Amino acid sequence: MKIFLRILAGILCLTIVWAIVVSALWGRVAASNIKDKAPYPFHNGEHHLIAHAGGRIDEHIYTSSREAVEDSIKAGMKFIEIDFIKTSDGFYIAGHDWKLFNEATGHEDRGDEPLTLAEVKASKIHGKYTTMDANDVAELMRKYPDWILLVDKARDIEYIAELFPFPKRVILQVYGLYGYMRALKAGIDYPTLRLKGGRRGVKEIYKLFMDWLNVKSVILGEKSFEKNLEYIGELHDKGVTVILYGNPRFKIVENPTEIKKYLGKYLDLVDTDTLRSL
């Protein structure tokens, strides 16, 4: 019984601390666009595809290379997604994960071990494509001012806001409601909240706080999307921008017919490896 009471007291203390933290942060961001009910400008927009990991270049996907990004831009892609991973000496580079990056750059023996920035810069992807760090991506945003960057796998929210000082051109995927609030506080206009629905669907806590925080964009995978379609439709009807991701094995993200079936009612943007048009 004593153990149970201690556990209960611990949970209560953590809940109180969490409430204090959230309340303090809420006070900081209350003057931001949380209260702004206007939807994101890409809700029900005319562009619906996001070039995943820079987009396909020749027969390759997941390169996150300069050539892939420029090829997607020239093909008319409005949205381009890039994952960022951290080097062993603390710099962000464009890459999906270290194992995949090392395999593509001839460092298979390193497994999933991070390289240094110098090693990254000295490497070529598949022997011919140019690696990029975060500054190189920012340079491409200045060179081509009409595309929007979706940032994934980078949880250092405040640092990302500094790296990409284009608040109207960065969609940052965040994890959890606290991450969403941090992003707003950091000056990111377009955070998108990752929803992960397990066997029981989207967590009830999200339903409770989504309206309170005026969450304007969510991103989720195909499995969560299909399990929670009714709820996703409700969010979309309220003006929440819905972004879908998957992989080539799934049935929606690489299939124009399936995408069109959901556009406008459930979906706004689809993160795709191969598609350039619908």
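The values are calculated or read from the model by the stated rules, or taken from the named source; none is laboratory data. As the structure is a computational prediction, the values presented were derived from the model and not from experiment. Quick reminder, even Gly has a Cβ in these numbers, built from the backbone with ideal geometry, and neighbours come from all protein chains shown. Please note that ligands, DNA and RNA were not included when accessible areas were found on the heavy atoms of the full protein model with its side chains. Shrake-Rupley method; radii C 1.70, N 1.55, O 1.52, S 1.80 Å.
Worth pointing out:
- Contact annotation: residue pairs with Cβ atoms under 7 Å, 6 or more positions apart or on different chains, pairing a residue in segment 38-55 that is assigned to a loop (DSSP other than H, G, I, E, B) with a partner that is among the acidic types (D, E), are F42/D268; H43/D268; N44/D268; G45/D268; H48/D268; G55/D71.
- Each residue in segment 64-86 was checked for being among the polar types (S, T, N, Q) and either in contact with an Asp or Glu (Cβ under 8 Å, 6 or more places away or on another chain) or without any contact (Cβ under 8 Å) to a residue 12 or more places away in the chain (or both), and 1 of them qualify.
- Matching residues in segment 87-112 - criterion: being in a loop (DSSP other than H, G, I, E, B), within 22 Å of N135 (Cα to Cα) and over 21 Å from the mean Cα position of the chain (by Cα): S88, D89, T105
- Flag if Y190 is in contact with an Asp or Glu (Cβ under 7 Å, 6 or more places away or on another chain) and either open to solvent by 40 Å² or more (accessible area, probe 1.4 Å) or at pLDDT 90 or above (or both): no
Residue-wise test of (1) assigned to a helix (DSSP H, G or I); (2) at negative phi; (3) within 22 Å of the chain's Cα centre (by Cα).
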{"site": "A118", "(1), (2), (3)": "yes, yes, no"}
{"site": "G127", "(1), (2), (3)": "no, no, no"}
{"site": "D136", "(1), (2), (3)": "yes, yes, yes"}
{"site": "M141", "(1), (2), (3)": "yes, yes, yes"}
{"site": "E158", "(1), (2), (3)": "yes, yes, yes"}
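- Conditions (1) under 20 Å from I259 (Cα atoms); (2) out of contact with any helix residue (DSSP H, G or I) (no Cβ under 8 Å at 6 or more places or on another chain); (3) open to solvent by 50 Å² or more (accessible area, probe 1.4 Å): number failed by I50: (3)
- In segment 60-107, the residues that are open to solvent by 40 Å² or more (accessible area, probe 1.4 Å) and more than 29 Å from L275 (Cα to Cα): S88, D89, F91
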